[in-house]
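Read through the structure below, which is laid out as C-alpha cells, and then see the notes.
Read-outs: derived from the displayed coordinates by stated rules, not from any lab. Predicted model, so just to flag it, every value in this text is computed and none were measured. Cβ: placed from backbone, ideal geometry, glycine included. Neighbour counts: every protein chain shown.
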Amino acid sequence: GGGGGDCTIFPRRKGSQSQLERKDQAPVKITLEVLQTCYDMPLHAAATKLGICLTAMKRVCRKLGISKWPYRDMKIQGLEDDSTEHAAHSESKKRRTSATSESMGAHE
C-alpha cells in the first residue's frame, strides 16, 4: 500500500456504449483530499458521485492507503456524540427542574 498521492481511473466502455461515445470520457483523477470530502456518505454513493464503479473505488482506496471506508465509523462516532450531548442536556434539565421546585417550596 502506498498512501498519499493520487490515482487516475480510466472508466471502461460499457457494453451499450459505442466507440464514439467512449472517446469523450476523460480519465478520473482521484486524490486523498477528494476521497475525504466523501467520507460522510456510503462507499457506493461516493463512487457514483465520483463517476466510477464500486470496484474501481475500492481499488483507489487501497492504492491511497485506505483499508476500510470510514463512513460507518464516522456515523457511529456521530451517534455517540449525539447521545452524550443528549444525556448531558437532559441531566441539566433535571437539575433546573428540581432547583425550581425547591425554590417554589421556599417561597410558600
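Brief remarks follow.
- Linear extension gain, Arg72 paired with Lys29, 0.36 nm per residue minus alpha-carbon span: 13.0 nm
- Theoretical FRET efficiency, 1/(1+(r/R0)^6), r = Cβ-Cβ of Asp81 and Leu54, R0 25 Å, to 0.05: 0.30
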